[in-house]
Amino acid sequence: MRRRSLLAAAGVLGVTGGAVTVATTTHSEPAKAAEGVTKRITIYAVALPGNQFGYGLTPDTATIPGPILEMYEGDTLEITLVNTTNQRLSIHPHGVDYSTDSDGAPFNASFNAPGETRKYVWRSHEMTATSGRRFLPGSAGYWHYHDHAMGTDHGTAGLIKGLYGALIVRRRGDILPDKQFTVVFNDLQINNKVAPNTPMFEANLGQKVEWIAIGHGNFFHTFHLHAHRWADNRTGYLEGPSDPTHVVDNKDLNPGNSFGFQVVAGEAVGPGAWMYHCHVQSHSDTGMAGIFLVRNADGTMPPGAQEAIDRFNGHQHAAAAKAAASAPASAETHAHGGTGS
Ligand SMILES: [Cu+2]
């Protein structure tokens with residue numbers, strides 16, 4: 001089995017230019033780069049209520065975070081960015097290959113003026129074997145994209161107002177998930193929301209769930225997921241019984257960072273309302289928390305889950321509680337609105 005996966009790994013190694021052939025004793029032919037495809041998509045940057053902005057695949061479906069963009073190593077993504085707003089903005093990727101005119105940075109004159117449409121090209125490449133049994137990394141990873149031009153030359157206003165999203169570059173043969181969740185720790189918010197208005201992510205017991213975690217803003221965070229753990233590598237899966245990768249359930253998530261992993265929903269723990277949150281205590285207390293609802297395999301609610309969700313929706317976070325204590329008359333306005341009350 002492990003021999004097989006070695007072969008499979010050798011099969012995806014790309015060879016470019018003057019690179020040497022892949023040196024494996026089990027494979028006599030040089031590995032060939034898989035055929036990459038060019039995907040063309042249009043993304044709309046849109047003003048949203050509350051002085052927020054979002055990216056969407058149509059003008060009416062912009063969200064915070066924006067859509068999850070995916071490609072396989074070797075693919076090219078041609079993005080036509082339509083700026084429907086009256087602000088300067090752009091789209092800037094992490095992890096992939098691009099020329100200066102697709103940089104999304106104003107100092108390279110790579111941005112959309114208000115109302116302008118502009119094309120950005122993101123390329124990717126496979127791992128390459130080089131001499132001395134060394135390998136140059138491919139593009140595969142859990143990356144992200146964001147504005148780099150609104151407000152300042154760093155896109156500081158665009159980032160704080162919601163112009164960000166996940167970018168996944170897969171290696172051929174990667175396990176595909178049943179569900180995908182993007183979690184962005186942005187200043188003291190999650191996906192520009194605070195508890196209990198943070199997203200409730202749902203899956204059924206046994207589904208393969210892919211998390212993409214991204215950090216933005218001005219604070220350092222730690223991402224924690226209750227009752228689930230993952231290998232701290234590219235995929236979250238161990239590659240064999242002797243794989244020494246550290247297994248974690250908590251990981252630093254700082255500005256500009258991203259990571260991703262898959263878990264099997266409820267594996268070894270069963271269904272229930274599990275929490276995800278920043279593990280910096282003052283951050284979780286002020287609303288950097290949400291729910292990962294693992295339903296029964298048939299989609300029904302497990303015992304106790306609705307009560308847990310109600311408690312989460314009704315509970316006051318520390319800052320709100322403090323404000324309520326000092327101004328009892330307005331306590332109700334400080335409590336997070338519960339759904340059941
Ligand atoms: Cu935090």
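Data table
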{"quantity": "Enumerated strands (runs of 3 or more DSSP E) restricted to region 257-308, each holding at least 1 residues that are more than 14 Å from the ligand (Cβ to nearest atom), over 21 Å from the mean Cα position of the chain (by Cα) and buried (at least 19 other Cβ atoms within 10 Å of the Cβ)", "calculated": "272-278, 289-295"}
{"quantity": "Residue match in region 103-123 (condition: part of a loop (DSSP other than H, G, I, E, B) and in contact with a helix residue (DSSP H, G or I) (Cβ under 7 Å, 6 or more places away or on another chain))", "calculated": "yes"}
{"quantity": "Region 63-89, residues that are open to solvent by 20 Å² or more (accessible area, probe 1.4 Å), touching a residue at least 24 places away in the same chain (Cβ under 8 Å) and assigned to a strand (DSSP E or B)", "calculated": "GLU70, TYR72, THR76, GLU78, THR80, VAL82"}
{"quantity": "Residues of region 90-120 that turn out to be closer than 20 Å to TYR164 by Cβ and of a type in the set (Val, Ile, Thr), as a count", "calculated": "2"}
{"quantity": "Residue within region 219-234 that is open to solvent by 50 Å² or more (accessible area, probe 1.4 Å), more than 27 Å from GLY165 (Cα to Cα) and in a loop (DSSP other than H, G, I, E, B) present", "calculated": "no"}
{"quantity": "First in region 44-58 and at pLDDT 95 or above, second anywhere and in a strand (DSSP E or B) and of a type in the set (S, T, N, Q), Cβ under 8 Å, 6 or more apart", "calculated": "ALA45/ASN83; ALA45/ASN112; GLY54/THR63; TYR55/THR63; GLY56/THR63; LEU57/THR42"}
{"quantity": "Sole residue being touching a residue at least 40 places away in the same chain (Cβ under 8 Å), open to solvent by less than 30 Å² (accessible area, probe 1.4 Å), on the phi < 0 side of the Ramachandran plot and within 14 Å of the ligand (Cβ to nearest atom), chosen from ILE190, ILE168, ILE212", "calculated": "ILE190"}
{"quantity": "Region 235-256, residues that are outside any loop (DSSP other than H, G, I, E, B) and either in contact (Cβ under 8 Å) with a residue 60 or more places away in the chain or in contact with a Gly (Cβ under 6 Å, 6 or more places away or on another chain) (or both)", "calculated": "LEU253"}
{"quantity": "Which listed residue, of GLY104, GLY173, GLY141, is of a type outside the set (Ser, Thr, Tyr) and in contact with a Lys or Arg (Cβ under 7 Å, 6 or more places away or on another chain)", "calculated": "GLY141"}
{"quantity": "Exclusive hit being at negative phi, open to solvent by 20 Å² or more (accessible area, probe 1.4 Å) and modelled with pLDDT under 95, set VAL22, VAL37, VAL12", "calculated": "VAL12"}
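Let's see how each residue does on (1) among the β-branched types (Val, Ile, Thr); (2) within 14 Å of the chain's Cα centre (by Cα); (3) within 20 Å of ASP249 (Cα to Cα); (4) modelled with pLDDT of 95 or more:
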position	(1), (2), (3), (4)
ARG118	no, no, no, yes
THR156	yes, no, no, yes
GLY162	no, yes, no, yes
VAL169	yes, yes, no, yes
ASP178	no, no, no, yes
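The values are calculated or read from the model by the stated rules, or taken from the named source; none is laboratory data. In this text the structure is predicted, and so the values were computed from the model without any measurement. Glycine gets a Cβ as well: all are built from the backbone with ideal geometry, and neighbour counts include every protein chain shown. Heads up: the accessible areas ignore ligands, DNA and RNA and are worked out on the full protein's heavy atoms, side chains in. Shrake-Rupley method; radii C 1.70, N 1.55, O 1.52, S 1.80 Å.
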